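Pasting a structure below so you can have a look.
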Amino acid sequence: MQVEEKFTYETWPAHSEKATLEAKNKFIGFWLFLGGETVLFASLFATYLALKDKVPNTSMPHAKDLFELPLTFAATMLLLTSSLTSVYAMYHMKNFAFRKMMLWLGLTALLGAGFLGLEIYEFTNYVHEGHTFTSSAFGSAFYTLVGFHGGHVAFGLLWCLTLMFRNSKRGLDLYNAPKFYVFSLYWHFIDVVWVFIFTVVYLMGMVG
Amino acid sequence: MSTYAQKKGFGATLWDFLTTVDHKKIAILYLIAGGFFFVVGGLEAMFIRIQLAVPNNDFVSAGLYNEIMTMHGTTMIFLAAMPLVFAFMNAVMPLQIGARDVAFPFVNALGFWLFFFGGVFLNLSWFLGGAPDAGWTSYASLAIASKGHGVDFYVLGLQISGIGTLIGGINFLVTIINMRAPGMTYMRMPLFTWSTFVTSALILFAFPPLTVGLVLMMFDRLFGANFFEVTMGGNTVIWEHLFWIFGHPEVYILILPAFGIFSETFAIFSRKRLFGYSSMVFALVLIGFLGFMVWAHHMFTTGLGPVANAIFAVATMAIGVPTGIKIFNWLFTMWGGSVKFTTPMLYAVSFIPSFVAGGVTGVMLASAAADYQYHDTYFVVAHFHYVIVGGVVLAILAGTHLYWPKMFGTMLNETMGKITFTLFLIGFHLTFFIQHFLGLWGMPRRVFTYLPGQGFETANMVSTVGAFFMAVGVIVLLINIIVTSARNVRVGNDPWGDGRTLEWAIPSPPPFYNFKQLPLVRGLDAYWLEKMEGKMAMTPAEPIGDIHMPNASFLPFTIALGLFIAAFGAMYHVDHKPWALPVMVIGLLVTFASMFLRSVKDDHGFHIHKEDLIEKTDKGVEA
Amino acid sequence: MKRLAKWRLISLFSILALILSGCGQPYLSALRPAGEVAEMQYGLMKLSTLIMVGVIAVVTVIFILVVIKFRRKDDSEIPKQVEGNHKLEILWTVIPILLLLILAVPTVADVFKLADVGKMDKKGAHKDEVVVKVRSNLYWWEFEYPDLGIVTSQELVVPTNKKVYFSLHSSDVKHSFWIPAVGGKMDTNTDNVNKFWLEFDDKKANEAGNLFYGKCAELCGPSHALMDFKVRAISQSKFDSWVSAMKDVKKPQQATSELAQQGQKIFSQSCIGCHAVTPTNATPEKARVAPNLTNFGERSRVAGILPHTKEDVKAWIKNPEKFKPGNKMTGKYPQMSDQELDALAEYLMGLKVQD
Amino acid sequence: MANHELNSGNPRVDIEYRRKKSKEEMRYQIVSFTMMLFLTFIAFGMVAAKGFSHWFTVPIILLLAVVQVIFQLYYFMHMNQKGHEAPSLFLFTGLGVGLTAILTFMTIVWW
């Protein structure tokens, strides 16, 4: 199959994300990369758990004193919903509905940006309470873990926007379909990591 | 090397190599760069041995010795052994499975340039105020306390080259999963391909912990974090764990490809299929799996407690079983065979006793209570040099001789090869055997000197003499390479005459598209099967058609270059140099701009047309 | 080829000669165990070596047979392509497992035995165990006896034929505490206190001249190689009298000779800020920034490495950097004239608690 | 669920079949999403309520997280479909390695 071939609704293949050899490679390669990312985040989680609440003096805030449930809940809702919107985008890609796909992708990016905004707001709050990157081992570990995730979200945003910008005039073909698909995998993976962050860092931090 | 290549000037050739995405050319780049760093690391080793030849020597100062010792370990592991292994993987593995290239040719080139710039960055430390001096393990308390920028060079250099290795690993995995020729099932893959597969999986899971460890140390040293700052609540043992979660699989990342090369060598020069193929594959996978369960045996004396020590001791011993299986399978591959002692075979044969010696001391070290005596002494130094030199380096030397004709189309001189072998093997045992005893007699490792009167003098002198044998052996190899390249006698498809796997079925060096028609694989040792039926070539699995090839690109180079530049900015940012931050930003911009360019500019590659392929066959230019 | 054979022979002989030349020095070698712990570890070494030599023997026999018997004689011969042999493969899977089990059982037992330090935390007046708090510093060692209330440096003094418990900690970077002849090592971490025990055999201590060598076994900086210490292992009664002699030093000893008195004056001007000359552990650890010199005159080495002579003391004080690069003493005190050095050395060599 | 072989020969039938399949998949995905929202509510609610003991809450919220992630992986990331053998092998191996690391860091890093 030629990658630049023009398709119609009828001829669009069922698995456009895996229709060519390049696409298959991309698909498997990205999953493997996610396997590696799992170990990366696990190492960061491990470090965080080992250094949780390790502060040089008792006057400094612990996890319990810092975190606020409503903020985390709002961030969680944003990211969860963005996961659903990117599922919708993939649904429309399958049906060769380019405009709709772009719409849902745009929504995904918007939700992601909202999440990032909340996270930045949250971090500035903590800094005011004396919990900074350099104030304690706990601080370093917290910002590194959550910041790594935030960095992934930011990179995902850039990626999403680049994809949308580059392909806005072109429409769907077998060259860019796997790209959109792989992006959606990435975005779901970010959500997976976040599920563990809000559970292990925030909720377990609040419980003590 | 390609059929399309005309006689070109130096500039054009250079540009060709800077932009190539061809796995065979990238293999040559890995071979050259890895070979260069191997010589650098070897020189460092010679300085170490000269310094230790006599007690209270002052050939190098204490501080400089620590830098040399650190760089010797780091260079040999990250910049010599791994890239050399990668060279063979790149050169041979796609051919062995009948693929036209790796899955991501662009990423393959990017991996090389990241490794290369990381290595160059690390070695620039010699000229920019001193190399890292905290040992290749760079334990946190000492590494954090280390003054100057040495450890920063270590952290940033390894980070850059580590990313290169990681994406290289993913690339090989996808290639093997997706791009095997028709009929090439998993259980028909040559053992070198299997070892590439398992090794790449280990890379995929082992490098992220290293990345995290390096990030933490970078944050601590450059950006004021407190992961390892005990007074701020930090903990240095975290580094030890992260490093060894990576570090132990790393040992297998090096040794498994060596097993692969030797498996091929034994089969080829015994003219016999590998004994117990399935159990060999099983053993490979098992070693890879166990490799992740044993890292804390490097930390027996850290004080993890008896429960942890006991568990990790027993788990470590378990690795002896699959390794033993492999040794006996190799022996029985030769049993009943028709063994020809070529240079690669000599390395393979001498590998068995050398590696067994290293392996059994490994089991001795696994016995935790006894390890309290061995730990951090010359016994350990002897052990890992027996495994790494007696395993990995011998394999690299064997592979160099074995695959040289496939990579360059000309054979290394056998006589000189055998001279190298003899000198190197004698030197190796002379250098390291005695070090077992030095350790047991009470000599700690990583000492820049020792006091007279402790009984260490003679043994150290013997060890130094041995090192010179090895050095001369390597020099002979270099001369061999120069002479061979100058003579440039061309060879055919199967220069050893006993090739068994697909890479020997096509010309040496192969055309840049590898296989004109993908071969049909009918069993293990596909080419051997055809030869036994009297055919001289593989049966094609497809009609001649257009071949899709990737375009060359300069972007891998610039992506890596950007990170290289940014690393300088990050490092000098702690000195409050006004230019540091701009340099970092510029570097990152170069990287991200290149990545952006890559994603917005479509790269559909090009096609070699069917007519061109047929035409050439008719003229008899390429088979 | 003949020359090569000769070389092989020579190297073989030299290695053999070295092995036969002994098992190292009695005061230093792990192969001359001088206590329960080292004995236990030596036992494991022997057991594992025995097993391993067995394995090597089997491999060697097959190896030699193969290499001799199956050389290619005829270039056209094609051997039979054997797939494998399940019986053989099971054999060389099961036997190694059994061999490893033989090694694993005593290993695990010993690991737990060596980690048994329950007795050291026992409280109360009847405590009979000797406990030593080891604190490692950039290139020197401090030994504190918390139950006895005394501190000494560089030279550990212990009673023989008795378990000595150690608690280990580092005050700067990670080091590792190792007395090869007496038992395996343990790291001194910056994060936590590690604990283990050793036992010093009386007879073996006598053979070793009652002085064992101790080493730092973890890379800790430029002078890692020179971070040696010594262990004076003496009988219980001698140990007791040493302890009471140490305890008797309530305030700095007064020098007797005129030269030494001069030296003492210099010492109290330039040195006492870091070096204590009383053995009490009343001062906090952080303030103890240099080796305690209470019984310096009785030690066997200067700075842990130099011969114990007046000349070496002078040379050391004159330029410590020359002997231990990167040490913390260099530059902490004013330059001294030869006359001052002479006086200082005289005073220091006179610092003895026992006659 | 989804099918690689679409060989009825009639494109119209194929399309309709595929549309139906996609719709069906979408329904599963919406159900998963609702479930995930629900589980998140429970988790946050348990912590907000503060009435439960630590030993009760922590395992439950961890379990809820695992269930959520399974929804993500199998429905949103399509791991329930064919052709995901290599992905799941590598993802779960990575998970195994990661969990070993986490277990270690929680047991033998501090004394």
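The values are calculated or read from the model by the stated rules, or taken from the named source; none is laboratory data. Quick caveat, the model's predicted, so the values are computed rather than measured. All Cβ positions, glycine included, derive from the backbone under ideal geometry; neighbour counts span all protein chains shown.
Can you pull out the residues in segment D:78-97 that are in a helix (DSSP H, G or I) and hydrophobic (A, V, I, L, M, F, W, C)?
Initially, segment D:78-97 is screened for residues in a helix (DSSP H, G or I), giving D:85-97.
Selection gives D:86, D:89, D:90, D:91, D:92, D:95, D:97.
Can you tell me which residues in segment B:95-117 are farther than 15 Å from residue B:169 by Cβ and of a type outside the set (A, V, I, L, M, F, W, C)?
Passing the criteria: B:96, B:98, B:100, B:101, B:105.
Residue-by-condition table, conditions (1) buried (at least 18 other Cβ atoms within 10 Å of the Cβ); (2) touching a residue at least 40 places away in the same chain (Cβ under 8 Å); (3) outside any helix (DSSP H, G or I):
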position	(1), (2), (3)
C:73	no, no, yes
C:90	no, no, no
C:98	no, no, no
C:111	yes, no, no
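Now for a separate question. Is it the case that some residue within segment C:154-163 is surrounded by 23 or more Cβ atoms within 10 Å (Cβ to Cβ), part of a strand (DSSP E or B), within 11 Å of chain B (Cβ to nearest Cβ) and touching a residue at least 12 places away in the same chain (Cβ under 8 Å)?
Within segment C:154-163, none of the residues are surrounded by 23 or more Cβ atoms within 10 Å (Cβ to Cβ), part of a strand (DSSP E or B), within 11 Å of chain B (Cβ to nearest Cβ) and touching a residue at least 12 places away in the same chain (Cβ under 8 Å).
State yes or no: is residue B:145 more than 14 Å from chain A (Cβ to nearest Cβ) and surrounded by fewer than 24 Cβ atoms within 10 Å (Cβ to Cβ)? Steps first, please.
Values: more than 14 Å from chain A (Cβ to nearest Cβ): yes; surrounded by fewer than 24 Cβ atoms within 10 Å (Cβ to Cβ): yes.
Yes, satisfied.
Could you please give the count of residues in segment A:30-88 that are charged (D, E, K, R) and either assigned to a helix (DSSP H, G or I) or over 20 Å from residue A:130 (Cα atoms) (or both)?
Quick first cut of segment A:30-88, residues charged (D, E, K, R) only: A:37, A:52-54, A:64-65, A:68.
Cutting the leftovers down to either assigned to a helix (DSSP H, G or I) or over 20 Å from residue A:130 (Cα atoms) (or both) gives us A:37, A:64-65.
Qualifying residue count, segment A:30-88: 3.
Based on this model, can you work out whether residue A:123 counts as buried (at least 22 other Cβ atoms within 10 Å of the Cβ) and among the aromatic types (Phe, Trp, Tyr)? So that I can check it myself, show each step before the final result.
Values: buried (at least 22 other Cβ atoms within 10 Å of the Cβ): no; among the aromatic types (Phe, Trp, Tyr): yes.
No.
Shifting gears a bit: Residue C:292: modelled with pLDDT under 90, surrounded by 16 or more Cβ atoms within 10 Å (Cβ to Cβ) and not assigned by TED's automatic domain parsing to the domain that holds residue C:135, yes or no?
On the way: modelled with pLDDT under 90: no; surrounded by 16 or more Cβ atoms within 10 Å (Cβ to Cβ): yes; not assigned by TED's automatic domain parsing to the domain that holds residue C:135: yes.
No, not satisfied.
Now for a different question. With the requirement that a residue be without any contact (Cβ under 8 Å) to a residue 24 or more places away in the chain, farther than 19 Å from residue B:214 by Cα and assigned to a helix (DSSP H, G or I), what does segment B:556-584 give you?
Result: B:575, B:580, B:581, B:582, B:583.
Here is a further query. If the requirement is being under 23 Å from the mean Cα position of the chain (by Cα), of a type outside the set (A, V, I, L, M), facing chain D (nearest Cβ under 8 Å) and farther than 30 Å from residue A:130 by Cα, which of these qualifies: A:26, A:18?
Working: A:26 fails: facing chain D (nearest Cβ under 8 Å).
A:18 is the lone residue from the list that is under 23 Å from the mean Cα position of the chain (by Cα), of a type outside the set (A, V, I, L, M), facing chain D (nearest Cβ under 8 Å) and farther than 30 Å from residue A:130 by Cα.
Tell me which residues, restricted to segment B:49-71, are free of Cβ contacts under 8 Å to residues at least 40 places away in the same chain and assigned to a helix (DSSP H, G or I).
Passing the criteria: only B:64.
Is it true that some residue in segment B:107-116 is within 14 Å of chain A (Cβ to nearest Cβ) and farther than 16 Å from residue B:34 by Cβ?
Looking only at segment B:107-116, we keep the residues that are within 14 Å of chain A (Cβ to nearest Cβ), and these are B:107-108, B:110-111.
With the extra rule that they be farther than 16 Å from residue B:34 by Cβ, the set shrinks to B:107, B:110.
Yes: segment B:107-116 contains one or more residues that are within 14 Å of chain A (Cβ to nearest Cβ) and farther than 16 Å from residue B:34 by Cβ.
Moving to a separate point now. Inspect all residues belonging to segment A:136-152 and state whether any of them is within 25 Å of residue A:97 (Cβ to Cβ), more than 7 Å from every other protein chain (Cβ to nearest Cβ) and surrounded by fewer than 20 Cβ atoms within 10 Å (Cβ to Cβ). Explain how you work it out, then say what you get.
From segment A:136-152, those within 25 Å of residue A:97 (Cβ to Cβ) are none; that's our starting set.
Within segment A:136-152 (the criterion being within 25 Å of residue A:97 (Cβ to Cβ), more than 7 Å from every other protein chain (Cβ to nearest Cβ) and surrounded by fewer than 20 Cβ atoms within 10 Å (Cβ to Cβ)), the answer is no, since none of the residues qualifies.
Of the conditions (1) surrounded by 19 or more Cβ atoms within 10 Å (Cβ to Cβ); (2) at the interface with chain A (Cβ under 9 Å from one of its Cβ atoms), residue D:71 fails just one. Which one is it?
Residue D:71 satisfies every listed condition except (2).
Evaluate segment B:173-187: report whether one residue or more is on the phi > 0 side of the Ramachandran plot and surrounded by fewer than 24 Cβ atoms within 10 Å (Cβ to Cβ).
So in segment B:173-187, the residues on the phi > 0 side of the Ramachandran plot come out as B:183.
Cutting the leftovers down to surrounded by fewer than 24 Cβ atoms within 10 Å (Cβ to Cβ) gives us B:183.
So far as segment B:173-187 goes, yes, one or more of its residues are on the phi > 0 side of the Ramachandran plot and surrounded by fewer than 24 Cβ atoms within 10 Å (Cβ to Cβ).
Only one of B:213, B:168, B:162 is over 19 Å from the mean Cα position of the chain (by Cα) and either within 13 Å of chain A (Cβ to nearest Cβ) or surrounded by fewer than 24 Cβ atoms within 10 Å (Cβ to Cβ) (or both); which? I'd like the intermediate steps shown before the answer.
Numbers: B:168 fails: over 19 Å from the mean Cα position of the chain (by Cα); B:162 fails: over 19 Å from the mean Cα position of the chain (by Cα).
Step by step, each of B:213, B:168, B:162 is checked, and only B:213 is over 19 Å from the mean Cα position of the chain (by Cα) and either within 13 Å of chain A (Cβ to nearest Cβ) or surrounded by fewer than 24 Cβ atoms within 10 Å (Cβ to Cβ) (or both).
Is it the case that segment B:222-240 has a residue that's in a helix (DSSP H, G or I), under 25 Å from the mean Cα position of the chain (by Cα), closer than 18 Å to residue B:388 by Cβ and among the acidic types (Asp, Glu)?
For segment B:222-240, residues in a helix (DSSP H, G or I), under 25 Å from the mean Cα position of the chain (by Cα), closer than 18 Å to residue B:388 by Cβ and among the acidic types (Asp, Glu): absent.
Which of the residues spanning segment B:278-306 are free of Cβ contacts under 8 Å to residues at least 40 places away in the same chain and either in contact with a Gly (Cβ under 9 Å, 6 or more places away or on another chain) or under 20 Å from residue D:97 (Cα atoms) (or both)? Full working, then the answer.
Residues of segment B:278-306 free of Cβ contacts under 8 Å to residues at least 40 places away in the same chain: B:286, B:289-290, B:293, B:303-306.
Within segment B:278-306, B:286, B:289, B:290, B:293, B:304 qualify.
Right, next: Anything in segment B:328-343 that is over 21 Å from the mean Cα position of the chain (by Cα), more than 9 Å from every other protein chain (Cβ to nearest Cβ) and part of a helix (DSSP H, G or I)? List them, or say none.
Of segment B:328-343, the ones over 21 Å from the mean Cα position of the chain (by Cα) are B:328-342.
So of that shortlist, the ones also more than 9 Å from every other protein chain (Cβ to nearest Cβ) come out as B:330, B:342.
The answer is B:330, and nothing else.
Can we say residue B:522 is over 30 Å from residue B:277 (Cβ atoms), among the charged types (D, E, K, R) and modelled with pLDDT of 90 or more? Full working, then the answer.
On the way: over 30 Å from residue B:277 (Cβ atoms): no; among the charged types (D, E, K, R): yes; modelled with pLDDT of 90 or more: yes.
So residue B:522 fails the test.
Of all the helices (runs of 4 or more DSSP H) wholly in segment B:344-433, which have at least 1 residues that are touching a residue at least 60 places away in the same chain (Cβ under 8 Å) and facing chain C (nearest Cβ under 10 Å)? Even if it seems obvious, please write down each step before you answer.
On the way: elements: B:368-374, B:378-387, B:394-408.
Filter on segment B:344-433 gives B:368-374, B:378-387.
Quick one: residue C:12 ticks every box in (1) surrounded by fewer than 22 Cβ atoms within 10 Å (Cβ to Cβ); (2) modelled with pLDDT under 90; (3) within 8 Å of chain B (Cβ to nearest Cβ) bar one, so which box is it?
For residue C:12, the exception is condition (3).
Would a scan of segment B:114-124 turn up a residue that is without any contact (Cβ under 8 Å) to a residue 12 or more places away in the chain, over 24 Å from residue B:224 (Cβ atoms) and over 17 Å from the mean Cα position of the chain (by Cα)? Full working, then the answer.
From segment B:114-124, those without any contact (Cβ under 8 Å) to a residue 12 or more places away in the chain are none; that's our starting set.
For segment B:114-124, residues without any contact (Cβ under 8 Å) to a residue 12 or more places away in the chain, over 24 Å from residue B:224 (Cβ atoms) and over 17 Å from the mean Cα position of the chain (by Cα): absent.
Under 7 Å by Cβ, and 6 or more places apart or on different chains, what pairs join a residue from segment D:83-111 that is within 7 Å of chain A (Cβ to nearest Cβ) and closer than 16 Å to residue D:70 by Cα with one that is in a helix (DSSP H, G or I) and of a type in the set (S, T, N, Q)?
Listed pairs, sorted by first residue: D:91/A:38; D:94/A:38; D:95/A:38.
Note down all Cβ pairs under 6 Å where the first residue falls in segment C:322-333 and is away from chain B (no Cβ under 12 Å), the second is of a type outside the set (Ser, Thr, Tyr) and surrounded by fewer than 18 Cβ atoms within 10 Å (Cβ to Cβ), and they're at least six residues apart or on different chains.
C:330/C:321
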